[in-house]
Amino acid sequence: IATASGDKTARLWQRSDGKPIRQLEPHPAGVTAIAFSPNGSQVVTGAADQIARLFQVSNGKLLKAFPAQAGPITAVALSANGQLLAAGDRTGAVVVYKISDASVQAKLVGHTGPVTGVAFTPNSSQVVTAGRDKTVRVFASADGKPARTINVEAEAVSLGLTANGAQAAVGG
């Protein structure tokens, strides 16, 4: 289990007994988002300092910090192919980064309020996002081209995809 905290820490815990495993290298600001890579070897965090960071699970060491975004990071995800990181922020911006060199692959434009959820489809070809603007959006991860917008009845506060990526669950 990975946890993020306003006290500037991110920690890993044993699911079986709840005992702590390790704390990731310190953050300079509150940690506001966290997610495992699909294979469990890495963890990505987002923080109030507007930066997403990638860590190695086995030792808790920082592997890479990504360029600062427009606002505090509110949602993060890693692609199943291990090549991409998506980070959404409080301004409504979503950026897809290439993990290899921390460069921007695509900027996903459309949300008009804070992004509350980000997920890659299993084949890594699309990014699904949710936001407080009462929308769920689907984008191509390669170029950020919008594929679909789904209007929901309330502010979306959480997002999950089924293992095959065919369905999304949205909390609001």
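Condition check: of a type in the set (Gly, Ala, Ser) and closer than 19 Å to Ala35 by Cβ. Does Gly82 satisfy that? So Gly82 fits the description; yes. I'd like to verify a number: residues in segment 125-142 that are over 17 Å from Gln83 (Cα atoms) and within 16 Å of the chain's Cα centre (by Cα), how many? Going through segment 125-142 one residue at a time, the tally reaches 7. Look at segment 5-16: where a residue is in contact (Cβ under 8 Å) with a residue 40 or more places away in the chain and a partner is among the aliphatic types (A, V, I, L, M), sitting 6+ places away or on another chain with Cβ atoms under 6 Å, you get Ala10/Ala4; Ala10/Leu24; Ala10/Val31; Ala10/Ile34; Leu12/Ala2; Leu12/Ile21. Candidates Gly113, Gly117, Gly82, Gly71: the one that is in contact with a Ser or Thr (Cβ under 7 Å, 6 or more places away or on another chain) and surrounded by fewer than 16 Cβ atoms within 10 Å (Cβ to Cβ) is Gly82. Taken over segment 1-50, residues that are outside any strand (DSSP E or B), open to solvent by less than 20 Å² (accessible area, probe 1.4 Å) and more than 18 Å from Ala119 (Cα to Cα) amount to 5. The residues on offer are Ala77, Ala68, and the sole one that is part of a strand (DSSP E or B) and either at pLDDT 95 or above or out of contact with any Cys (no Cβ under 9 Å at 6 or more places or on another chain) (or both) is Ala77. Scanning segment 109-124 for residues that are of a type in the set (A, V, I, L, M, F, W, C) and within 13 Å of the chain's Cα centre (by Cα), we see that the one that is farthest from Gly160 (Cα to Cα) is Val115. Of all residues in segment 122-134, exactly one satisfies the criterion of being of a type in the set (Ser, Thr, Tyr) and open to solvent by 10 Å² or more (accessible area, probe 1.4 Å), namely Ser125. Residues of segment 13-29 being closer than 18 Å to Lys64 by Cα and in contact with a strand residue (DSSP E or B) (Cβ under 7 Å, 6 or more places away or on another chain), which ones? Answer for segment 13-29, where residues must be closer than 18 Å to Lys64 by Cα and in contact with a strand residue (DSSP E or B) (Cβ under 7 Å, 6 or more places away or on another chain): Gln23, Leu24, Glu25, His27, Ala29. Scan segment 143-155 and tell me whether some residue there is within 15 Å of the chain's Cα centre (by Cα) and either surrounded by fewer than 19 Cβ atoms within 10 Å (Cβ to Cβ) or on the phi > 0 side of the Ramachandran plot (or both). Checked segment 143-155: no residue is within 15 Å of the chain's Cα centre (by Cα) and either surrounded by fewer than 19 Cβ atoms within 10 Å (Cβ to Cβ) or on the phi > 0 side of the Ramachandran plot (or both). Just so you know, in segment 80-103 the residues that are in contact (Cβ under 8 Å) with a residue 40 or more places away in the chain and in a loop (DSSP other than H, G, I, E, B) include one that is farthest from Gly160 (Cα to Cα), and it is Ile99.
The values are calculated or read from the model by the stated rules, or taken from the named source; none is laboratory data. All figures in this text were calculated on a predicted structure; none of them were measured in a lab. Neighbour counts are summed over all protein chains in view; Cβ atoms, including those assigned to glycine, are modelled from backbone coordinates with ideal geometry. The area values use the complete protein model at the heavy-atom level, side chains included, leaving out ligands, DNA and RNA. Shrake-Rupley method; radii C 1.70, N 1.55, O 1.52, S 1.80 Å.
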